[in-house]
Structures are given as C-alpha cells and as structure tokens.
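Provided herewith is a single structure, encoded as structure tokens, for subsequent inquiry.
The values are calculated or read from the model by the stated rules, or taken from the named source; none is laboratory data. This one's a predicted model, so the numbers in the text were calculated from it and none came from an experiment. We place every Cβ from the backbone using ideal geometry, glycine too, and count neighbours over all the protein chains shown.
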Amino acid sequence: MTPAALNYDIRSIRLHWITAALAIALWCLGQTIDWFPKGNIRIAARSVHICLGAVLGLILCYRLWWRIGGGRRLPAAGPGMVQALSAVVHFALYATLLSAVALGVANAWVRGDNLFNLFTVPAFDPGNKALRGQVEALHALFANILFGLAAFHAASGLAHHFIWKDGLLRRMFPGGR
C-alpha cells in the first residue's frame with residue numbers, strides 16, 4: 001500500500017479531532033460548572049455545556065454515518081491481541097460517547113434547564129429529586145469512563161509513536177506527518 005493509503009481520509013481525521021476537542025471541553029466544563037457563582041454566570045456555563053453537548057451529539061451521528069458508509073478502512077493496528085484490543089476500545093469509545101450524550105439529554109430534560117435565559121427546557125418530573133440525582137450521577141459516570149477510555153486511547157497512540165515507532169499515530173494526521 002502507498003503511504004497515503006495508510007492514512008485516514010481528511011473527513012475522518014477532522015471528525016476525530018473535533019470529537020476529541022468537544023469531549024475534552026465538555027468534561028472540563030462539567031467538572032467545573034459548580035465552581036461558577038449561582039445566577040446568570042452558572043446559567044451561561046450550563047447553557048454552553050448543553051449546547052456543546054448537542055453539537056457533539058450531532059457530530060457523533062454524522063461521524064457514525066460516515067464511518068459506516070464512507071470512512072476509509074485501514075489495516076490492523078497490530079497483530080492478534082493488539083487488533084482485538086483496538087477494536088474493543090474503539091467500540092467502547094463510541095458506545096460510551098453515545099451513552100454520555102444520551103444521558104446528557106436526559107439530564108437536561110429531567111432537571112429542566114434554562115438556556116442562556118432565553119429558552120427553558122421543561123422538567124420531566126420536577127418533584128422527583130431521586131430520578132434527577134440518578135440521571136446526573138449516570139451522566140457523570142459515563143463522562144468519566146469516556147475520559148478514562150480516551151486517555152487510554154491517546155496513551156496507546158503515543159506508545160505506538162514513541163515506543164514502537166510504527167507510524168500508527170501519523171495515520172490520524174493530515175498528510176501522515
């Protein structure tokens with residue numbers, strides 16, 4: 001295969017890095033929202049978190065559609081167990097990302113949220129604090145699992161680049177640099 005054939009297509013590369021940037025921004029914001037003073041500043045922070053989560057959900061849908069229908073398939077990341085572990089981690093990343101986004105939507109709906117003081121998401125069951133707490137906890141749990149999986153994914157890419165020097169990480173950069 002030519003070196004260019006060993007790289008992902010530019011659309012897959014862009015979707016990967018946009019997804020990574022959004023997931024990192026959302027996780028950081030989710031960890032710090034309660035640090036904002038109550039009132040308009042916290043409403044703005046929650047609103048940004050919700051809107052970025054909606055964008056991530058749309059990007060994820062498009063990314064899944066692209067991966068199923070048009071994304072470039074590449075040779076295995078390595079032999080046997082390396083390839084199997086890679087496939088499991090990629091599936092887990094997609095499943096956990098999809099779950100975190102879906103739980104984020106459920107969280108906004110169960111809580112009832114105010115978006116930039118312009119639009120109100122009506123609460124599903126305003127008096128049910130137990131449900132609210134469970135959905136918030138599940139959303140946070142899946143976001144943390146996603147962060148851990150993504151860290152493992154990134155560390156694996158860095159190991160391929162710096163330890164095994166097999167060129168695998170370069171496949172996710174335009175031009176294979």
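I need a count of the residues in region 122-156 that are surrounded by 16 or more Cβ atoms within 10 Å (Cβ to Cβ) and small (G, A, S).
Of the residues in that region, 4 qualify.
Output the residues belonging to region 3-41 that are among the polar types (S, T, N, Q) and touching a residue at least 24 places away in the same chain (Cβ under 8 Å).
Listed by number, the residues that qualify are N7, S12, T19, N40.
Based on this model, can you work out whether N117 counts as in contact (Cβ under 8 Å) with a residue 12 or more places away in the chain, over 30 Å from R170 (Cα atoms), polar (S, T, N, Q) and part of a helix (DSSP H, G or I)?
It is false that N117 is in contact (Cβ under 8 Å) with a residue 12 or more places away in the chain, over 30 Å from R170 (Cα atoms), polar (S, T, N, Q) and part of a helix (DSSP H, G or I).
Can you pull out the residues in region 66-110 that are assigned to a helix (DSSP H, G or I), out of contact with any helix residue (DSSP H, G or I) (no Cβ under 7 Å at 6 or more places or on another chain) and over 27 Å from L141 (Cβ atoms)?
I68, G69, G80, M81, V82, Q83
How do the pairs read when you match residues in region 125-143 that are in contact (Cβ under 8 Å) with a residue 24 or more places away in the chain with residues anywhere that are polar (S, T, N, Q), using Cβ under 6 Å and keeping only pairs 6 or more apart or on different chains?
From residues that are in contact (Cβ under 8 Å) with a residue 24 or more places away in the chain, the pairs are V135/N107; E136/N107; H139/N107; F142/T96; F142/S99.
Please go through (1) closer than 27 Å to G39 by Cα; (2) not in a loop (DSSP other than H, G, I, E, B); (3) not polar (S, T, N, Q) for D125 and return the number of the only condition it doesn't satisfy.
D125 satisfies all of (1) closer than 27 Å to G39 by Cα; (2) not in a loop (DSSP other than H, G, I, E, B); (3) not polar (S, T, N, Q) except (2).
Could you pull out the residue among I59, I18, I13 that is in contact with a Pro (Cβ under 8 Å, 6 or more places away or on another chain), under 23 Å from L149 (Cβ atoms) and of a type outside the set (S, T, Y)?
On inspection, the qualifying residue turns out to be I13.
Okay, next question. Say whether the condition of being more than 21 Å from Y94 (Cα to Cα) and either among the aliphatic types (A, V, I, L, M) or modelled with pLDDT under 95 (or both) is met by at least one residue in region 17-25.
no
Among the residues of region 143-164, what is the count of those that are more than 17 Å from V82 (Cα to Cα) and not aliphatic (A, V, I, L, M)?
Matching residues across region 143-164 total 3.
Would you be able to say whether some residue in region 11-23 is surrounded by fewer than 17 Cβ atoms within 10 Å (Cβ to Cβ), part of a helix (DSSP H, G or I) and among the basic types (K, R)?
The initial filter retains those residues of region 11-23 that are surrounded by fewer than 17 Cβ atoms within 10 Å (Cβ to Cβ), namely 11, 14, 16-18, 20-21.
With the extra rule that they be part of a helix (DSSP H, G or I), the set shrinks to 11, 14, 16-18, 20-21.
Right, trim to among the basic types (K, R) and you get 11, 14.
Checking region 11-23: at least one residue is surrounded by fewer than 17 Cβ atoms within 10 Å (Cβ to Cβ), part of a helix (DSSP H, G or I) and among the basic types (K, R).
Additional query: Which members of region 128-154 meet the condition of being outside any helix (DSSP H, G or I) and under 13 Å from the mean Cα position of the chain (by Cα)?
None; the set is empty.
Out of everything in region 155-169 that is in a helix (DSSP H, G or I) and in contact (Cβ under 8 Å) with a residue 40 or more places away in the chain, what residue ends up being farthest from G104 (Cα to Cα)?
The qualifying residue farthest from G104 (Cα to Cα) is H160.
Separate question: Can you tell me how many residues in region 51-109 are of a type outside the set (A, V, I, L, M), surrounded by fewer than 13 Cβ atoms within 10 Å (Cβ to Cβ) and at pLDDT below 90?
The initial filter retains those residues of region 51-109 that are of a type outside the set (A, V, I, L, M), namely 51, 53, 57, 61-63, 65-67, 69-73, 75, 78-80, 83, 86, 90-91, 94, 96, 99, 104, 107, 109.
Restricting the remaining residues to those that are surrounded by fewer than 13 Cβ atoms within 10 Å (Cβ to Cβ) gives 51, 61, 65, 69-70, 73, 75, 79-80, 91.
Restricting the remaining residues to those that are at pLDDT below 90 gives 69-70, 73, 75, 79-80.
Residues meeting the conditions: 6.
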